[in-house]
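Below: the structure, in structure tokens.
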Amino acid sequence: MLFIDCTLPTVAANLAVEDAILELAEQGEWQAEYLRVWRADEDFVVIGRGSKYAQEVNVSECEEAGIPVFRRISGGAAIVAGPGCLLYAVMLSLKKRPHLAMVDVAHDFVMQRMVAALKPLAAELKYAGTCDLVLNGRKVSGNSLRVRRDWLLYHGTLLLDMDLQKIDRYLNHPPREPEYRQHRRHHEFVANLGCSEVEATTRLEEQWEAIAGEVILPLAMTDELVQQKYTQDRWNKQR
């Protein structure tokens, strides 16, 4: 597996590059499974592919604070990311791992790997709900997936040292929630993992057996997706 540690200049580009690589992989023009990590230098909101924009996002607060809202190609509910948050993605071949075409199996496979990776940094870490990493009953990582014919994209966030009060400000209470949440407000429900980016990244590399190597990202296709999709209201605010 290839390890990619790369943060592109904009949030839109960081979302678009995963979309581009997945499409190229489906076309047979990208062959490598990969683990990627990137970082957030600014606050932003990302909603799921099927999310209703005004239902999940506190639109007035985001507009007042200048917080951009993006839609991703995977499912799940809205998240807030920003400084103190590490974002990751793994792309896996369904030809090599055909059992992962079943969504519940894919969630279990990736979440068990993530728990194994990070448990040395947080002994009480568990996997709960559909695809949450939970520490002492509080969520430290939200995740989602996109399954195509031959490839699977699985990505999420790791809260390391983030200002969690922002989540209450920028998001409404989600329209659905795991049972263990028990109707708690965002800041009462989430927590920071409390480790450094270096520690988390190193553990992920080791667990996924990911090796850094020369990689040429599809930047032209990424730029096209940024312009035509990830900066357009017809995509980000379509529902």
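The values are calculated or read from the model by the stated rules, or taken from the named source; none is laboratory data. Here the structure is a predicted model, which means the values were calculated and not measured. Heads up, the Cβs are rebuilt from the backbone with ideal geometry, glycines too, and the neighbour counts pull from every protein chain shown.
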Subset of the range 164-193 (residues that are under 17 Å from residue 130 (Cβ atoms) and touching a residue at least 60 places away in the same chain (Cβ under 8 Å)): 174, 175, 176
Quick one: in the range 35-65, of everything that is free of Cβ contacts under 8 Å to residues at least 40 places away in the same chain and more than 18 Å from the chain's Cα centre (by Cα), which residue is surrounded by the most Cβ atoms within 10 Å (Cβ to Cβ)? 59
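To keep it simple, each residue is scored yes or no on (1) within 23 Å of residue 65 (Cα to Cα); (2) at pLDDT below 95.
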| site | (1), (2) |
| --- | --- |
| 126 | no, no |
| 198 | no, no |
| 203 | no, no |
| 213 | no, yes |
| 232 | yes, no |
Which condition does residue 144 not pass, out of (1) of a type outside the set (A, V, I, L, M); (2) outside any strand (DSSP E or B); (3) buried (at least 18 other Cβ atoms within 10 Å of the Cβ), if it passes all the others? (2)
Those residues of the range 1-31 which are assigned to a loop (DSSP other than H, G, I, E, B), within 18 Å of residue 92 (Cα to Cα) and either in contact with a helix residue (DSSP H, G or I) (Cβ under 7 Å, 6 or more places away or on another chain) or in contact (Cβ under 8 Å) with a residue 40 or more places away in the chain (or both), in sequence order: 1, 30
Please enumerate the residues belonging to the range 106-149 that are farther than 20 Å from residue 184 by Cα and under 14 Å from the mean Cα position of the chain (by Cα). 107, 110, 111, 114, 144, 145, 146
Return a yes/no flag: does the range 126-135 have any residue that is touching a strand residue (DSSP E or B) at 6+ places or on another chain (Cβ under 6 Å) and either in a loop (DSSP other than H, G, I, E, B) or farther than 25 Å from residue 183 by Cβ (or both). yes
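Does residue 115 meet the test of being of a type in the set (A, V, I, L, M) and surrounded by 22 or more Cβ atoms within 10 Å (Cβ to Cβ)?
No: the conditions fail for residue 115.
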Out of everything in the range 112-125 that is small (Gly, Ala, Ser) and not in a loop (DSSP other than H, G, I, E, B), what residue ends up being nearest to residue 161 (Cα to Cα)? 117
Any residue in the range 12-27 that is surrounded by 15 or more Cβ atoms within 10 Å (Cβ to Cβ), at pLDDT below 95 and either under 18 Å from residue 230 (Cβ atoms) or over 12 Å from the mean Cα position of the chain (by Cα) (or both)? no
